[in-house]
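Engineer: Sharing a structure, written as structure tokens. Questions coming.
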Amino acid sequence: MFYDKSNQQGGFGTVEIIIVSALVITMTLAVSAALVSVIRLGTSSSNQMQAFLRIDESAEALQIMRDTSWSSSIGAATIGTTYYLERLSNSYALSSTQPTSEDYYTEVVFDEVRRDMDGVLDDNGDVDSDSLQAVVSVYRTADAKFLTDGEFLIHNVYEN
Amino acid sequence: MYMKTKGSTGFVLVELLVYLVVAVLLLSVIAYFILSTYFLYSDTVARSQADRAGGAIIGQIVRETRSGTGIDINNSSLESNIGYVTIETTSGSTVFSVVDDIMQVQIDDGTALSLSPDTQSVSRFYITQITTPVSQAIRYELAITYDIRDGQETRTYTGLAILRESYD
């Protein structure tokens with residue numbers, strides 16, 4: 001079979017233009033999708049960075065509350081109750097009200113600590129009334145999205 | 001009247017105009033789509049750069065404070081919008097200050113080094129001293145302002161450090 005090229009019209013046909021347009025649109029969508037992924041990754045990374053800073057701050061804040069007065073801060077907390085870490089002008093406090101003024105908030109839940117006769121941590125041991133385990137979680141305020149958490153043991157070292 | 005003959009090639013003028021209009025419209029939509037995404041991407045990159053700088057600065061200040069022997073209050077400016085702090089160390093002192101909107105560190109009276117890029121400005125460096133009966137701590141609030149497509153944006157980074165040497 002031979003194809004008579006001389007009867008062909010030159011230039012583009014509608015089908016060719018539709019195909020090229022489809023290719024261009026597909027490539028554009030692919031590039032945009034990649035950029036959107038980068039944007040989402042950047043936002044997620046930013047949230048995680050802020051969350052890690054807050055976890056670090058929480059660990060120090062719990063020690064500051066311990067150093068200030070165990071009995072009126074950490075020691076007065078109810079096991080299993082959710083508290084919110086509150087920044088005050090020159091100190092920190094545990095609040096039962098969720099703060100909404102910042103982009104992120106930090107939850108603190110205390111659990112009891114048990115030790116064996118030698119003072120070693122043991123789930124079947126006796127409750128150590130001078131120690132608590134704090135589970136700290138950071139959330140984004142806008143949508144209450146959980147970002148990260150950490151666990152700390154805190155002791156009433158100064159018996160205050 | 002116009003008559004299309006057998007063997008004529010390419011477009012007639014009307015077809016060409018229609019194709020051109022469609023092509024321009026299509027390219028405009030694509031260009032708008034790409035540019036919008038690109039601007040979003042640029043803003044994200046600017047935020048990421050601010051996060052990297054903010055996180056690194058706070059991390060360094062907190063580490064220096066924790067390992068410091070004390071705070072030289074006379075050579076620090078606490079509770080002011082653009083403060084500075086002098087941390088006493090075993091080898092001398094480390095000073096964190098903001099000069100021309102750039103965070104700088106000066107170790108043992110050496111040359112001041114920039115910690116933040118000149119494309120971003122440190123718009124707040126608020127230092128609070130926290131005193132307990134048995135320890136001293138410093139809280140740092142660092143705000144970095146940077147340009148985005150629709151103006152400027154500011155992000156805040158907070159660090160808290162107890163001076164380990166302050167415990168008896």
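Engineer: If R0 is 41 Å, what FRET efficiency do you get for B:VAL134 and A:SER37 from their C-beta distance, rounded to 0.05?
Structural biologist: 0.25
Engineer: Another one. Working out 0.36 nm times the residue gap between B:ARG124 and B:PHE39, then minus their Cα-Cα distance, what length gain in nm do you get to one decimal? Please report the intermediate quantities before stating the final value.
Structural biologist: Values: separation 85, 0.36 × 85 = 30.60 nm, distance 2.65 nm.
Taking B:ARG124 through B:PHE39 to full extension adds about 27.9 nm, to one decimal.
Engineer: Further question: Could you grab the relative contact order for chain A? Cα pairs under 8 Å, six or more apart, rounded to a whole percent. The partial results should precede the final answer.
Structural biologist: Numbers: 210 pairs, mean separation 30.0, N = 160.
Value for chain A: 19 percent.
Engineer: Sticking with this one: First select every other residue whose beta carbon is under 10 angstrom from the beta carbon of B:SER67; then total the charges, Lys and Arg +1, Asp and Glu -1.
Structural biologist: Working: positive: B:ARG63, B:ARG66, B:ARG164; negative: B:GLU64, B:GLU165.
So the environment of B:SER67 carries a net charge of +1.
Engineer: Taking K and R as +1 and D and E as -1, what net charge do the other residues with C-beta under 12 Å from the C-beta of A:ASN160 add up to? Numbers along the way, then the final one.
Structural biologist: Working: positive: A:ARG66; negative: A:ASP67, A:ASP130, A:GLU159.
Combined, the nearby Lys, Arg, Asp and Glu give -2.
Engineer: Would you mind giving the mean number of other chain beta-carbons within 10 Å of the Cβ of each residue in B:32-39, as a whole number? Please report the intermediate quantities before stating the final value.
Structural biologist: Working: counts 0, 5, 4, 0, 2, 9, 3, 0.
Across B:32-39, the average partner-chain Cβ count within 10 Å equals 3.
Engineer: Still on this structure: Mind checking which of B:TYR167, B:THR94, A:ILE18 is farthest towards the positive end of the protein assembly as shown's charge dipole, using Cβ charges of +1 (Lys, Arg) and -1 (Asp, Glu) about the Cα centre?
Structural biologist: A:ILE18
Engineer: Given bins 10 angstrom wide, list per bin the percent of all Cα-Cα distances in chain B, short to long.
Structural biologist: Taking all Cα pairs of chain B, the binned fractions are 9, 28, 20, 11, 8, 7, 6, 5, 4, 2, 0 percent.
Engineer: Compute the semi-axes of the equivalent ellipsoid of the protein assembly as shown, taking the square root of 5 times each eigenvalue of the Cα gyration tensor, and list them largest first in whole Å.
Structural biologist: Numbers: eigenvalues 758, 141, 47 Å².
Gyration-tensor ellipsoid for the protein assembly as shown: 62, 27, 15 Å.
Engineer: Tally Lys and Arg at +1 and Asp and Glu at -1 over the other residues with C-beta under 15 Å from the C-beta of A:THR43: what net charge comes out? Don't skip to the end; give the middle numbers.
Structural biologist: On the way: positive: A:ARG40, A:ARG140, A:LYS145, B:ARG47, B:ARG52, B:ARG155; negative: A:ASP103, A:ASP143, B:ASP43, B:ASP51, B:GLU153.
Around A:THR43, the surrounding residues sum to +1.
Engineer: If each residue of separation counts as 0.36 nm, what is the full-extension length gain between A:LEU153 and A:ASP122 once their alpha-carbon separation is subtracted?
Structural biologist: Net length gain for the segment: 9.8 nm.
Engineer: Can I ask one more? Using only atoms on other chains, find how many Cβ atoms lie within 10 Å of each Cβ of peptide B:128-137 and report the average. Working shown, then result.
Structural biologist: Working: counts 5, 1, 10, 5, 10, 5, 6, 7, 2, 8.
Per residue, the number of nearby Cβ atoms from other chains is 6 on average.
Engineer: Distances longer than 21 Å among the Cα atoms of the range A:12-111: what percent of all pairs is that?
Structural biologist: Numbers: 2742 of 4950 pairs.
Summing the P(r) tail past 21 Å for the range A:12-111 gives 55 percent.
Engineer: Related question: For q = 0.16, 0.17 Å⁻¹, what log10 I(q)/I(0) does the range A:65-159 give under the Debye formula with an equal point scatterer on each alpha carbon and no solvent?
Structural biologist: -0.71, -0.79
Engineer: Same structure again: So if the hydrodynamic radius of the range A:96-138 is defined as the Kirkwood radius over C-alpha pairs, what does Stokes-Einstein give as its diffusion coefficient at 25 °C and 0.890 mPa s, in µm² per second? All intermediate terms of the calculation are to be shown ahead of the outcome.
Structural biologist: Details: Rh = 12.3 Å.
Value of D from the Cα-based Kirkwood radius: 199 µm²/s.
Engineer: Report, by chain and number, residues whose modeled amide H sits under 5 Å from the one on A:TYR92, excluding near sequence neighbours (fewer than 5 apart, same chain).
Structural biologist: none
Engineer: Continuing with this model, one more query. Using packing as a proxy for protection, rank B:46-57, A:27-38, A:82-93 so that the peptide with the highest average count of other Cβ atoms within 10 Å comes first. Provide the component values of the computation, followed by the final result.
Structural biologist: On the way: B:46-57: 19.5, A:27-38: 13.5, A:82-93: 16.2.
Packing proxy ranking, top to bottom: B:46-57, A:82-93, A:27-38.
Quick note: the coordinates plus some simple rules give every number you see, no bench work behind them. Keep in mind that this is a model prediction, so the values were computed, not measured. Cβ coordinates were reconstructed from backbone atoms using ideal geometry, including for glycine residues, and neighbour counts include every protein chain displayed.
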